Amino acid sequence: MTSLVIEGGYPIQGTIRPIGNKNAALPLLAACLLTDEPVTLHNVPTIGDVDTMLAILQQLGVEVSKQGDSVTLCARGVDRHEPDEHLFAQIRGSLTLMGPLLARHQQFSVSTAAGGDYIGRRRIDTHIQVLEGLGAKLNVNGKFSLHANGRLRGADILLDETSVTATENGVMAAALAQGTTILRNAASEPHVQDVCRLLVAMGCPIEGIGSNTLVIHGQERLGGGEIYVSPDFVEVGSFIGLGAITPGELRIEGVVPDHLRMMNMVFADRLGVRMHLEHSPSAPPELAHTLVVESKQDLRIRPDFGGAVPKIDDAPWPAFPPDLMSIALVAATQAHGTVIIHEKMYESRLYFVDKLITMGAQIILCDPHRAVVVGPSRLVGQPV
């Protein structure tokens, strides 16, 4: 079994650049299916999920060309609507193939469920709701399949939950639908915004990017496009947490200031992390901003009014991202004070705290969604 041996007690310092957002790269790759023209993505992360998505696309007939962290795709020769089931089952992001394949071929089918991390129940009902709202019909008879009689039709759709991948599927399918589509209660995460911006570059006008209401003006045909994948804000938040609990100065290049607002509220305002933003006008636009996590932190949890125990919780964007709740919890173990960590979205996210307790953290796991952290604690290395 592969193991990682970590020697603790050393300062983490230096300069690092976050990778491109995986949750943007996967649907952006899928979007190439909407056109016969080349689509180019820059700052694509070199990770297994991306390799798997590229393998699925190549199996469908997409031509793929790589150069450094850039990928160019051409789906001119795609004539299949059913992805390889073994590859499809390996990653959660494969779900974002549903909208593009349905829009292109009026059909999508697969005989297995998508993969992904186990952090709790992850339903696909909202995907079905959105695509059925655009005119697709669902059939489950040995296979999961969606089909449409001719071109999809624009519609006014209220999503039953603010699902990121369902929003992405809906936007991509609506880009080739007849007429205008309005998606209400849509997700607004940076990766959803990236997908919308690529579709705009391909010739599909979209209003409301970054909000919870998207208006997509469907086109009969889309052209090629090019986009720089935004940096992974979850990785940025992870580096903030790492820099906060070690004594060195950490510089994070290429951050997007708009992605840092809620991180500032949690890490800086609530946990007391000292950090500041630097701007370099002469740098390329994607590298113009650097976040500096200062050295020798003295973390102190700011209580609520009247000295009440505060709470850190997650919610859909622009609130604090659920993928950073575990990072905030670890940082809280090194801060003076008490805080409640309330993971609202996934019922299995906090099941790692027993490992921290073994290492010396003072944590009470109240239920699958809530933990009380009392800090600071001196952590000691343990097998986990």
Of the residues Ser111, Ser145, which is of a type in the set (Gly, Ala, Ser) and surrounded by 15 or more Cβ atoms within 10 Å (Cβ to Cβ)?
Ser145
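Filter the range 180-197 for residues that are outside any helix (DSSP H, G or I) and in contact (Cβ under 8 Å) with a residue 40 or more places away in the chain; which is surrounded by the fewest Cβ atoms within 10 Å (Cβ to Cβ)?
Start the filter on the range 180-197 by keeping residues that are outside any helix (DSSP H, G or I), which leaves 180-189.
From what's left, in contact (Cβ under 8 Å) with a residue 40 or more places away in the chain: 181, 183, 187-189.
Numbers: Thr181: 26, Leu183: 25, Ala187: 24, Ser188: 20, Glu189: 22.
Result: Ser188.
Being under 26 Å from Ile240 (Cβ atoms), touching a residue at least 60 places away in the same chain (Cβ under 8 Å) and surrounded by fewer than 21 Cβ atoms within 10 Å (Cβ to Cβ) narrows it down to one of Pro27, Pro11, Pro18, so name that one. Steps first, answer last, please.
Details: Pro27 fails: surrounded by fewer than 21 Cβ atoms within 10 Å (Cβ to Cβ); Pro18 fails: surrounded by fewer than 21 Cβ atoms within 10 Å (Cβ to Cβ).
Unique residue meeting the criteria: Pro11.
Against the condition in contact with a His (Cβ under 6 Å, 6 or more places away or on another chain) and either within 22 Å of Leu176 (Cβ to Cβ) or assigned to a loop (DSSP other than H, G, I, E, B) (or both), how does Val255 come out, does it pass?
Numbers: in contact with a His (Cβ under 6 Å, 6 or more places away or on another chain): yes; either within 22 Å of Leu176 (Cβ to Cβ) or assigned to a loop (DSSP other than H, G, I, E, B) (or both): yes.
Spelling it out, Val255 is indeed in contact with a His (Cβ under 6 Å, 6 or more places away or on another chain) and either within 22 Å of Leu176 (Cβ to Cβ) or assigned to a loop (DSSP other than H, G, I, E, B) (or both).
Does at least one position in the range 63-86 carry a residue that is out of contact with any helix residue (DSSP H, G or I) (no Cβ under 6 Å at 6 or more places or on another chain) and aliphatic (A, V, I, L, M)? Break it down into steps so the answer makes sense when it comes.
Here is the first cut: in the range 63-86, the residues out of contact with any helix residue (DSSP H, G or I) (no Cβ under 6 Å at 6 or more places or on another chain) are 63, 65-72, 74, 76-77, 79, 82, 85-86.
The next check asks that each one be aliphatic (A, V, I, L, M); those that pass are 71.
There is at least one residue in the range 63-86 that is out of contact with any helix residue (DSSP H, G or I) (no Cβ under 6 Å at 6 or more places or on another chain) and aliphatic (A, V, I, L, M).
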Give just the number: which of (1) under 19 Å from Phe267 (Cα atoms); (2) small (Gly, Ala, Ser); (3) over 22 Å from the mean Cα position of the chain (by Cα) does Ala331 not satisfy?
(3)
If we scan the range 52-65, do we find a residue that is surrounded by fewer than 20 Cβ atoms within 10 Å (Cβ to Cβ), in contact with a Gly (Cβ under 9 Å, 6 or more places away or on another chain) and without any contact (Cβ under 8 Å) to a residue 24 or more places away in the chain?
yes
Can you find even one residue in the range 279-300 that is more than 17 Å from Gly375 (Cβ to Cβ), modelled with pLDDT of 95 or more, in a helix (DSSP H, G or I) and not assigned by TED's automatic domain parsing to the domain that holds Thr213?
no
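Can you tell me which of Val200, Val215 is assigned to a strand (DSSP E or B) and without any contact (Cβ under 8 Å) to a residue 60 or more places away in the chain?
Details: Val200 fails: assigned to a strand (DSSP E or B).
Just a single option satisfies the conditions, and that option is Val215.
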Output the number of the condition that Asp313 fails; it satisfies all remaining conditions of (1) without any contact (Cβ under 8 Å) to a residue 40 or more places away in the chain; (2) exposed (fewer than 15 other Cβ atoms within 10 Å of the Cβ); (3) under 23 Å from the mean Cα position of the chain (by Cα).
(2)
Just give me the residues in the range 247-265 being surrounded by fewer than 20 Cβ atoms within 10 Å (Cβ to Cβ) and among the β-branched types (Val, Ile, Thr), in sequence order.
Val256
Starting from the range 163-179, keep only residues that are on the phi < 0 side of the Ramachandran plot, then list their pairs with residues that are buried (at least 24 other Cβ atoms within 10 Å of the Cβ) and among the hydroxyl-bearing types (Ser, Thr, Tyr) whose Cβ atoms are within a distance under 8 Å, requiring at least 6 positions of separation or different chains.
Thr165/Thr96; Glu168/Thr96; Asn169/Thr96; Gly170/Thr181; Met172/Thr96; Ala174/Thr181
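In the range 213-234, what residues are within 22 Å of the chain's Cα centre (by Cα) and surrounded by fewer than 17 Cβ atoms within 10 Å (Cβ to Cβ)?
Matches in the range 213-234: Thr213, Glu226.
Going by the conditions given, is Val44 assigned to a loop (DSSP other than H, G, I, E, B) and closer than 30 Å to Met359 by Cα?
Working: assigned to a loop (DSSP other than H, G, I, E, B): yes; closer than 30 Å to Met359 by Cα: no.
Spelling it out, it is not the case that Val44 is assigned to a loop (DSSP other than H, G, I, E, B) and closer than 30 Å to Met359 by Cα.
For the range 157-183, how many residues are of a type outside the set (Ser, Thr, Tyr) and out of contact with any strand residue (DSSP E or B) (no Cβ under 8 Å at 6 or more places or on another chain)? Show your work before the answer.
Of all residues in the range 157-183, those of a type outside the set (Ser, Thr, Tyr) come to 157-161, 164, 166, 168-179, 182-183.
From what is left, the residues that are out of contact with any strand residue (DSSP E or B) (no Cβ under 8 Å at 6 or more places or on another chain) are 160-161, 164, 166, 168-169, 172-173, 176.
Here the count works out to 9.
The values are calculated or read from the model by the stated rules, or taken from the named source; none is laboratory data. These numbers were taken from a predicted model, which means no experiment stands behind them. Using ideal geometry, Cβ is built from the backbone for each residue, glycine included, and neighbour counts are taken over all protein chains shown.
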